[in-house]
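Taken together, the values in this text are just the output of simple stated rules run on the coordinates, not laboratory data. Keep in mind that this is a model prediction, so the values were computed, not measured. Note that we place each Cβ from the backbone using ideal geometry, even for glycine, and neighbour counts take in every protein chain shown.
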Amino acid sequence: MGKRTIIPFGPQHPVLPEPIHLDLVIEDETVVEAIPSIGFIHRGLEKLVEKKEYTEMVYVIERICGICSFGHGWGYCAAVEGAMDVKIPERAEYLRTIWHEMSRIHSHLLWLGLLADAFGFESLFMHCWRVRETVLDLLEKTTGGRVIFSVCKVGGVRKDIDNETMKEIVDTLNGLKKEIKELTDVFLEDRSVKNRLCGVGVLSKEEAIELGTVGPMARASGLRQDMRLEDSHGIYEQLDFEPVIAEEGDSYARCKVRIGEIFQSIELIEKAAFKIPDGPISVEVKGNVEGECVTRLEQPRGEAYYYAKGAGTKFLERMRVRTPTNQNIPALVKTLQGCDLADVPMLVLTIDPCISCTER
Amino acid sequence: MATFKIGKVVLKSLFKKPATLMYPVVPRQWQERTRGHIGIDESSCIVCGICAKKCPANAITVNRNKRTWSIERMQCIQCNCCVEVCPKTCLTMENQYTEPGGEKVVDTFEIPKQEKVADGGKDSAGGGLTCNLEDCVYCGLCAKNCPCDALTVDRKEKVWKVDESACVSCGACVEKCPKKCLSLDGGEVPAADKKQADGATEPAYSRPEGEDGLRCKLSDCIYCGLCAKTCPCDALEIDRKAKTWKLNEDACVNCGACVNACPKECLELV
Amino acid sequence: MSVRSNIVPVAASDLLPKVRELKSEGYRLGQICATKVSEGFEILYSFDKDHELLNLKLTVAEEEEVQSITADFWSAFIYENEMHDLFGVKIKHIALDYGGHFFKVAQPTPWNPKK
């Protein structure tokens with residue numbers, strides 16, 4: 001047994017856009033244990049619901065995170081609507097789904113870029129983000145915001161997409177397919193990339209269940225777990241949705257799942273744009289929240305959990321947002337055990353960490 | 001396994017136009033829906049301050065005494081909330097971003113005095129709202145619709161109170177009042193009151209004069225049953241054949257919904 | 001949607017046996033969160049199996065100690081430390097106990113301030 005050393009990793013580290021700290025216990029070059037600690041940027045937004053009206057809070061909740069902002073807004077609205085027993089119009093559900101899938105595309109492209117950056121492939125990183133820009137432009141055109149859309153509200157959505165724009169979205173995304181394919185082929189086929197990804201940070205199916213792993217991380221370990229299969233929100237049932245699954249459980253599989261999801265999202269948007277019914281986009285919501293409700297939503301990073309509890313005032317009593325990264329940290333700790341020190345930055349990235357999400 | 005898979009992409013981009021703009025020499029094209037910054041039409045602003053109250057980021061400050069409206073540009077999150085709640089729709093979302101700067105920018109706008117307010121002879125700082133308590137049924141709709149929580153209504157104690165410092169004279173309650181007994185700046189209510197008092201001295205009522213509650217001028221009633229249909233409490237029972245009009249006093253909350261629905265205007269709340 | 005919330009009350013003494021039972025049935029831990037209520041804390045344990053959600057609601061007095069479930073679900077340590085740091089819920093035998101240093105808070109138990 002070699003001599004043990006503890007190396008602090010983060011909160012400031014070139015690979016991390018956000019602060020998370022890991023105490024890495026290493027033996028020679030191998031990590032034997034990792035102790036995570038967070039809480040550097042905790043903002044207490046869950047507590048803020050007691051001071052902001054539930055209708056205004058949507059815009060604050062959206063700002064939990066800059067990438068999955070739409071998911072947060074939707075999850076919050078769905079929880080409040082559930083507690084108030086509000087049924088939103090079908091067109092609003094379709095619009096929410098379309099925007100949510102678009103944000104999944106841009107989130108996954110962002111992640112691919114960051115992953116390329118983590119293993120030192122700068123030009124690939126730049127190209128991923130260049131392609132992502134087109135998606136952001138579409139989002140700005142339809143919602144008015146590039147990353148924070150502010151289109152979800154309790155009772156529906158605030159803006160509509162007309163048929164012409166809908167067609168433009170589908171055409172542009174289909175046109176992007178070729179460009180995305182060229183880039184994702186690099187991830188999936190290039191030798192130097194595969195050398196870094198294959199067989200690194202393996203998480204078995206059993207471990208994935210035990211540690212409560214969610215999202216693409218779980219699906220890369222062979223779990224058929226995707227909240228889009230739960231038919232309580234959105235219209236995924238009508239889109240014949242089936243999650244992308246890989247069996248290997250290593251970093252390469254996680255990459256493969258996310259790449260698969262980009263193309264799947266484009267297809268889902270196309271189907272939804274074809275099927276979207278006419279009608280109102282929101283209902284008027286009256287009164288205050290009374291009761292409680294739990295909803296879950298599949299965000300780009302995995303299952304997010306929302307719990308709203310109201311006591312009949314215009315403020316909520318409790319709002320709980322459990323984000324996917326929160327749930328994936330134990331799995332990260334597990335995959336880090338036994339890996340090379342050089343692989344740590346990349347493994348941290350393969351869970352697609354969003355520390356802002358974690359520190360609501 | 002392939003080597004240098006990215007070669008094709010790299011070569012292509014070598015001969016293509018750059019994907020970026022020469023910012024700031026080449027200006028950005030804004031989308032129509034882009035949420036850039038908040039603009040205000042000073043002439044229609046009534047300095048009510050609802051925007052400031054509803055702002056999730058507390059970026060807006062409204063000073064009613066000095067008649068100023070100011071926004072902290074860097075604190076504003078462009079959620080469009082204020083634009084939606086403004087009762088006079090004098091706020092707009094412009095599609096140009098606030099320019100980046102070395103320090104935080106606060107933009108203050110002077111709001112010119114409006115002639116209407118000056119006419120009433122009253123100060124704009126609240127106090128304009130009055131309720132004709134004789135007509136008031138204490139239904140509480142005004143309090144529910146008040147964006148500033150300035151109204152207190154207690155049906156049991158028959159209390160209607162306005163917190164003058166909180167009231168911004170936006171008029172939201174006046175529109176919602178089912179009895180139309182609220183008014184801003186006093187003016188109209190006495191006239192309306194008079195009209196009702198005139199009509200109240202006709203014969204054949206469902207209840208003796210002087211007694212409080214809902215009554216029907218049976219001499220005019222056609223027993224159409226519309227009142228029963230609109231009653232939120234199912235307190236009314238109408239039989240067209242037997243020509244009966246019955247009221248369950250315990251269930252009735254004197255909301256006046258039936259009064260508004262009556263096609264013959266034979267119902268009234270005393 | 002609220003029908004799906006599926007919230008089941010559970011007594012403090014039944015918590016661990018129930019959690020063990022869920023574990024053997026193949027449930028995974030979804031999350032744990034605390035809510036400050038007048039009688040103390042309301043702790044919500046969420047479990048999931050094949051997209052079916054099960055929530056256990058435990059109500060405890062503020063001073064009462066709660067058993068950690070990290071023996072069965074190791075990943076619960078994050079939530080238990082979080083509840084301890086933010087609300088001051090007393091939890092016994094956490095597998096990875098940060099002793100109040102999981103979050104860097106300016107004042108102890110900021111979400112349940114002591115008067």
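If the cut-off is 16 Å between C-alpha atoms, which aspartates and glutamates fall inside it for residue B:229, apart from same-chain ones fewer than 8 positions away? Residue B:229 reaches B:237, B:239, B:265. Which listed residue (C:37, C:75, C:22) has the Cα farthest towards the positive end of the charge dipole for segment C:2-92, taking +1 on Lys and Arg C-beta and -1 on Asp and Glu C-beta about the Cα centre? Final value for the positive-end residue is C:22.
Normalised by residue count, segment B:202-269 yields a Cα convex hull volume of 79 Å³ per residue.
Mind checking A:127-136 for the average number of partner chain beta-carbons within 10 Å of each residue's beta-carbon? Don't jump to the answer; show the numbers that get you there.
Values: counts 6, 0, 1, 5, 2, 0, 2, 1, 0, 0.
The shielding value for this peptide is 2.
Quote the charge dipole size of the protein assembly as shown about the Cα centre in Debye, to the nearest 20; the model charges only the Cβ of Lys and Arg (+1) and of Asp and Glu (-1).
Working: 95 positive and 111 negative charges, 204 e Å.
Using Cβ point charges on Lys, Arg, Asp and Glu, the protein assembly as shown gives about 980 debye.
Based on alpha-carbon atoms, the Kirkwood radius and the radius of gyration of segment A:89-154 give Rg/Rh equal to 1.09.
Below 8 Å between Cα atoms, with a sequence gap of 6+, how large is the relative contact order for chain A in percent?
Across chain A, relative contact order equals 26 percent.
As a check on your grasp of the helix formula, calculate [θ] at 222 nm for chain C: sum -39500 (n - 2.57) over DSSP H runs of n ≥ 4, divide by the residue count, round to the nearest 500.
-5500 deg cm²/dmol
Take each residue of peptide B:30-37, count the partner chain Cβ atoms within 10 Å of its Cβ, and average: the result is 5.
Helix A:324-336 and the long axis of chain A differ in direction by around 10°, with both axes built from C-alpha atoms. Counting only DSSP beta bridges whose two residues both lie in chain C, roughly 70 percent are antiparallel.
How large is the translational diffusion coefficient of the protein assembly as shown in µm² per second when you combine the Kirkwood radius over alpha carbon pairs with Stokes-Einstein at 20 °C and 1.002 mPa s?
Numbers: Rh = 29.3 Å.
Translational diffusion coefficient: 73 µm²/s.
Counting only Cα atoms, chain A measures 66, 46, 33 Å along its principal axes, largest extent leading. Which of A:68, A:198, A:255 moves the most in a Gaussian network model of chain A with Cα springs under 10 Å? Greatest mean-square fluctuation among the candidates belongs to A:198. Given a cut-off of 21 Å, name the pairs among A:47/A:314; A:159/B:176; A:159/B:144; A:51/B:156 whose C-alpha atoms lie farther apart than that in the structure shown. Violating the 21 Å limit, Cα to Cα: A:159/B:176; A:159/B:144; A:51/B:156.
Basic side chains Lys and Arg get +1 at the Cβ, acidic Asp and Glu get -1 at the Cβ, and with that the dipole of segment C:1-68 about its Cα centre reaches some 300 debye.
In segment B:56-102, Rg over Rh equals 0.97, where Rg is the alpha-carbon radius of gyration and Rh the Kirkwood radius from pairwise Cα distances.
Cβ crowding within 10 Å, taken as a proxy for footprinting-reagent exposure, orders B:266, B:90 from fewest neighbours to most as B:90, B:266. With respect to chain C, whose longest principal axis is taken over its alpha-carbon atoms, helix C:77-87 is tilted by about 40°.
To the nearest ten degrees, helix A:69-84 and the longest principal axis of the Cα atoms of chain A are 50 degrees apart.
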